[in-house]
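Asker: Below is a structure I'd like to ask you about.
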Amino acid sequence: MKLFGSYTSPYVRHCRIVLLETGVDCEFVETDMKGAAKLSATQRVPFFEDGEISLTDSSSIVRYLREKSNQGFLIAPKEYDLYCMVNTILDTTINLFLLDKTGQDAGNNSYLRKQRSRIKSSLTQLEQADLSANLIGNDLLLRLVCFLAWTQFRDLLDLRDYPKLTRLLKQASSYDNFTSTHPA
């Protein structure tokens, strides 16, 4: 079994945490965007191989690992919907981050303003959600804290307007599997 990815990717971090939680033996193969472009149809990380099984999305990888370990993956529709919301704002934030790295001026672009608005409205919705469950084995919360930690690592979002999310991120900092996968 092989997981391909970068240490800084929040998607890969979630997969690495699930590997630690499940105890599944898997080789981690560090791969950058250039390597992913050559090895994965989606041209992004993570991607995963287990014999004849090839997976190209972190959600399918997490589900596969949970099921391989006889654990559940996001059964409740509302929980799954919030998970999808986190994926949406994570994709959006990464795209804006990568555009910014290329020097693109997004200030007058109405589409990119909409993307920034999407991030803010989704964070507001997540701030209002009941996120009081245990972090361990909870893929919604794990995905969320991987996203939040990545935004802090990259200095992308000010979380002062989101005290519940800030507390959740602080709570995650006491979880060994979360801290041991920090990209720094």
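The values are calculated or read from the model by the stated rules, or taken from the named source; none is laboratory data. These numbers were taken from a predicted model, which means no experiment stands behind them. All Cβ positions, glycine included, derive from the backbone under ideal geometry; neighbour counts span all protein chains shown.
For every residue, the table says whether it meets (1) more than 18 Å from Ile136 (Cβ to Cβ); (2) touching a residue at least 60 places away in the same chain (Cβ under 8 Å).
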{"position": "Ile61", "(1), (2)": "yes, no"}
{"position": "Leu65", "(1), (2)": "no, no"}
{"position": "Gln71", "(1), (2)": "no, yes"}
{"position": "Ile75", "(1), (2)": "no, no"}
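Asker: Let me ask something else about it. Residues that are surrounded by 13 or more Cβ atoms within 10 Å (Cβ to Cβ), within 20 Å of Cys15 (Cβ to Cβ) and either out of contact with any Pro (no Cβ under 6 Å at 6 or more places or on another chain) or not hydroxyl-bearing (Ser, Thr, Tyr) (or both): does region 124-135 have at least one?
Answerer: Yes, region 124-135 contains at least one residue that is surrounded by 13 or more Cβ atoms within 10 Å (Cβ to Cβ), within 20 Å of Cys15 (Cβ to Cβ) and either out of contact with any Pro (no Cβ under 6 Å at 6 or more places or on another chain) or not hydroxyl-bearing (Ser, Thr, Tyr) (or both).
Asker: Restricting attention to region 38-65, and to residues there that are among the small types (Gly, Ala, Ser) and farther than 16 Å from Val12 by Cα, which single residue is modelled with the lowest pLDDT?
Answerer: Our first condition is that a residue be among the small types (Gly, Ala, Ser); within region 38-65, this holds for 40-41, 51, 54, 58-60.
Okay, now just the ones that are also farther than 16 Å from Val12 by Cα, so 41, 51.
Working: Ala41: 72, Gly51: 94.
Applying the filter and picking the extreme gives Ala41.
Asker: A follow-up question, please. I want to confirm something. Restricting to region 149-162 and keeping residues that are in a helix (DSSP H, G or I) and in contact (Cβ under 8 Å) with a residue 24 or more places away in the chain, which single residue is surrounded by the fewest Cβ atoms within 10 Å (Cβ to Cβ)? Even if it seems obvious, please write down each step before you answer.
Answerer: Restricting attention to region 149-162, the residues satisfying the condition of being in a helix (DSSP H, G or I) are 149-153.
Right, trim to in contact (Cβ under 8 Å) with a residue 24 or more places away in the chain and you get 149-151, 153.
On the way: Ala149: 20, Trp150: 21, Thr151: 22, Phe153: 14.
Filtering region 149-162 for residues that are in a helix (DSSP H, G or I) and in contact (Cβ under 8 Å) with a residue 24 or more places away in the chain, the one surrounded by the fewest Cβ atoms within 10 Å (Cβ to Cβ) comes out as Phe153.
Asker: A further question on this structure: Out of curiosity, is Ala184 surrounded by fewer than 13 Cβ atoms within 10 Å (Cβ to Cβ), of a type in the set (A, V, I, L, M, F, W, C), within 20 Å of Arg13 (Cα to Cα) and not assigned by TED's automatic domain parsing to the domain that holds Ser6? Don't jump to the end; show me each part of the working.
Answerer: Working: surrounded by fewer than 13 Cβ atoms within 10 Å (Cβ to Cβ): yes; of a type in the set (A, V, I, L, M, F, W, C): yes; within 20 Å of Arg13 (Cα to Cα): yes; not assigned by TED's automatic domain parsing to the domain that holds Ser6: yes.
In short, yes.
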